[in-house]
Amino acid sequence: MNTIFYIAAGVAVISTGLVITRAHSVHALLYLIVSLLAVSVVFFISGAPFIAALEVIIYAGAIMVLFIFVIMMLNVGEASKKQEQQWIRGSIWIGPGILSLILLGLFLYAAVEGAGVPLGAKVVSPKEVGISLFSTYLLGVEIAAMLLLAGIIGAYHLGKQKKKVVHRFMKEDST
Amino acid sequence: MIHIPLHEGLILSGILFFMGFLGVIVRRNIIFMLMSVEIMLNAAGLAFVLAGAHWGEPDGQVMFTFILTMAAAEVSVGLALILQLYKHFRSLDSDSYNQMKG
């Protein structure tokens, strides 16, 4: 009965591997969406339907749409794809690959040491999450609101088109 | 009902996390680096939710909600920065940003 979990996990791992090896950024983004959807399946079958819905709506929906808009604005073409393919070819993967495999090995050892505990079959409903969110973690919610406000202001400030102010004498010189 | 052993879920989240880590180290295109950071955040959230499901408590899901908020704020500021950098340098290569003077 765990087959669904293994299939979803396999899809997530394979599509994440494709994300970090693609040369074209839009292809990588589409694989990233597939990976997020697979992770949301894992959330759903481990008894967190609310988080599964949030993952699809906010991660795979809103955040990925932001990425797509920015990639469209940057207008990356065939030339940058060729350059990207040169950058990620061959031996550049060896050093970082070995390092992160060592770290992954340590992590897996730590995870398997405490093996054999099954995940609770209890479904944690959105109601419980909401009650906990707005009673125990109320301060966290307010801090998150401040963070979002700071994010909005920061993104507005950074994205603003700045007018170049040139004195009229300078203008005649430059043209 | 499905019983996933906790360590298998944690192994999945670990594999995803270190794939994102590898992406941050290897890729030079700054958009791919930001995407890999997203993968890492998502993997950390997966670990939180699975641990919360293990004890049948909502705390893990609450933590994932905070991670989601943080990721949204980080992506909006990060993408605005990428647009500004691209406007200045006409390049997405993170190595070319070493000439930032002031």
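Computed from the coordinates by the stated procedures, all read-outs in this text should not be read as laboratory data. These numbers come from a predicted model, not from an experiment. Don't worry about glycine lacking a Cβ; one is built from the backbone with ideal geometry, like all the others, and counts go over all protein chains shown.
From the list A:Ile58, A:Ile63, A:Ile88, the one residue that fits, being within 16 Å of B:Ser36 (Cβ to Cβ) and either touching a Leu at 6+ places or on another chain (Cβ under 8 Å) or in contact (Cβ under 8 Å) with a residue 12 or more places away in the chain (or both), is A:Ile88.
Quick check on the stretch B:24-41. Is at least one of its residues facing chain A (nearest Cβ under 7 Å), closer than 22 Å to A:Thr3 by Cα and surrounded by fewer than 22 Cβ atoms within 10 Å (Cβ to Cβ)? There is no residue in the stretch B:24-41 that is facing chain A (nearest Cβ under 7 Å), closer than 22 Å to A:Thr3 by Cα and surrounded by fewer than 22 Cβ atoms within 10 Å (Cβ to Cβ). Residue count for the stretch B:1-23 under the criterion of being in a helix (DSSP H, G or I) and closer than 17 Å to A:Gly10 by Cα: the result is 15.
Would the stretch B:52-70 turn up any residue that is closer than 30 Å to B:Asn98 by Cβ, among the hydrophobic types (A, V, I, L, M, F, W, C) and more than 7 Å from chain A (Cβ to nearest Cβ)? No. The selection criterion, being more than 10 Å from chain B (Cβ to nearest Cβ), crowded, with 18+ Cβ neighbours inside 10 Å and not aromatic (Phe, Trp, Tyr), does not hold for A:Val70. Check B:Arg90 against each of (1) free of Cβ contacts under 8 Å to residues at least 60 places away in the same chain; (2) in contact with a Leu (Cβ under 9 Å, 6 or more places away or on another chain) and name the one condition it does not meet. Looking at each condition in turn, B:Arg90 falls short on (2).
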